[in-house]
Amino acid sequence: MRPARLPRGARRFAFRALSAGALLMLASLARAERIEGPAPWRLGGRVGFTLDASALPDSGGWTLEVSLRVPPATLAQLARDRAGNASLRAVVQIKSRSRGAQESTQEFGIVAADTALGQGKVVLVRFAVTPGSYEVRARLADMLSHRRGLIHGGADDHEAVEIIGSASVPQPQAGRDLGDLEFLWPETAAAAPPAFIRGGRVVVPNSDRLYGLMAGEVRARFVARGREGDEGRPWRWKARLLDAAGAALARRESTAAAGRFLDADVAFDVTREPAGAYTLELEAWQEGDPGTLLRRSRFSIGWQSDTWLRSAADIADEVHFLLSADEEETFAITPPGEQERQLDVFWARRDPTPKTAENEARLTFRARVAHANATFGPIGPIRGMFTDMGRVYIRHGEPDEVLRQVMPAGNETLTEQLQQILDTETRSPEDVRQHSLGGDQRPFEVWTYEGDLPLPLDVDPRDKSRGPSRRRLLFLFVDEQGTGVYRLRYSTE
């Protein structure tokens, strides 16, 4: 069984390595997460958000457009916690060796009429840049939260999370430039803030680059710049929609008026495409050019409401119980639509009745997670699913037998129980220490599973070496400090 962990963004530790107080202190830290790989970058949690960056040529050189999306799950949680009176501060900074740092700060409240067509609040920041590499750092803080204590230097500190990524502005190609593909929400006639109006069009960045359930058309803006003196030549462009294997699903091509700049949109209907990762490929050139300018950018398609509306942190927390450590780290930086596809495949392999509409294995897992959070959550930020009892319950379900001693005495002490374990099991519980000669009176529980035990849900059913077996599993949990937090001190798993 894998060790317990803190929520994503904090370092992971086994429960036995830290006291409960230390866990509470660590979990309260503001998180800064450096995410490897190309944009967009996502961070879940109570004040989670998504960050994207697109470099676009303009008349002054280059602009790096950084969009920050606060998803509905974050808005809903903060609205509940603050009785609809939440206030957020977004701080976006870019930094390079040649230009130093540039920073922008915006504060906003939570209102019913958000920016992204019912899909969250979008903040857009523009920075003047030159070709090269940039560190992109964004911090989102709940301005109505206050945490005071030794860990914060004795000063108030707002609850906040931070993403640190990297972006690049390309060098010219034979004196010509093609910017990044900037993924957009579908155009709407609804009123939009001035920052999102371009040439009479509504241009709202889709920071997650996610399409499907709430947006059946993938839409992207692109800007190309020709050389001075070539203003008289018209532009041509062509785009392809590619699946994960690189096969072309659809094509578009068009011409544009002569001029130094090409500023256009491309759109593809994706309502018939399954969940997963996709690539949008674009080529642009002016008539007479010896070659084309090329850009490829990934996006994803998702069809389940969880993919769109559920917190990325909640999805990551559940995946912790299903995937190996390496698989989990890869999953965390996978686009949301591809996450949906991978989970669909995972649960389809475990569906006991694949011809029915419901997947009983998935429903069982969700029910166990909900029970663990409701039953085993200690005081503090650590969810019940990450306690030792919660992890065992999620993995194996309801025990066949539970021996619970809250105030052990006489022959019911932990000392007596340890002796019974020694008499019946081949492995000695060496790490459980006796506190007194008269009998260890720490509260404890013993969970027993026996009979034909099914495979845990994280085990691949295709593994023929891991079939159901008739056996006996025993788990001993001890309340070390008398605080009601039970730690796993022995098991036969």
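Normalised by residue count, the range 283-429 yields a Cα convex hull volume of 222 Å³ per residue. Where does the charge balance sit around residue 447 when Lys and Arg score +1, Asp and Glu -1, over other residues with C-beta under 15 Å from its C-beta? Net local charge, residue 447 excluded: -1. By the rule of a C-alpha distance below 13 Å, with chain neighbours fewer than 8 residues away ignored, the aspartates and glutamates paired with residue 95 are 103, 135. Distance from the Cα centroid of the range 68-105 to that of the range 326-373 is 30 Å (rounded to whole angstrom). With a Förster radius of 25 Å applied to the C-beta separation of residue 143 and residue 217, the computed FRET efficiency comes to 0.10.
The slack in the chain from residue 133 to residue 251, taken as 0.36 nm per residue of separation less the alpha-carbon distance, amounts to 39.3 nm. On the beta carbon distance between residue 462 and residue 366, with R0 = 25 Å, the FRET formula returns roughly 0.65.
Here each label is just a point 7 Å from Cα along the line to Cβ, and for residue 33 and residue 79 those points are 2.4 nm apart.
Read-outs throughout are calculated quantities, based only on the coordinates presented, and are distinct from any laboratory measurement. Please read all numbers here as calculations on a predicted model, not as lab measurements. Don't worry about glycine lacking a Cβ; one is built from the backbone with ideal geometry, like all the others, and counts go over all protein chains shown.
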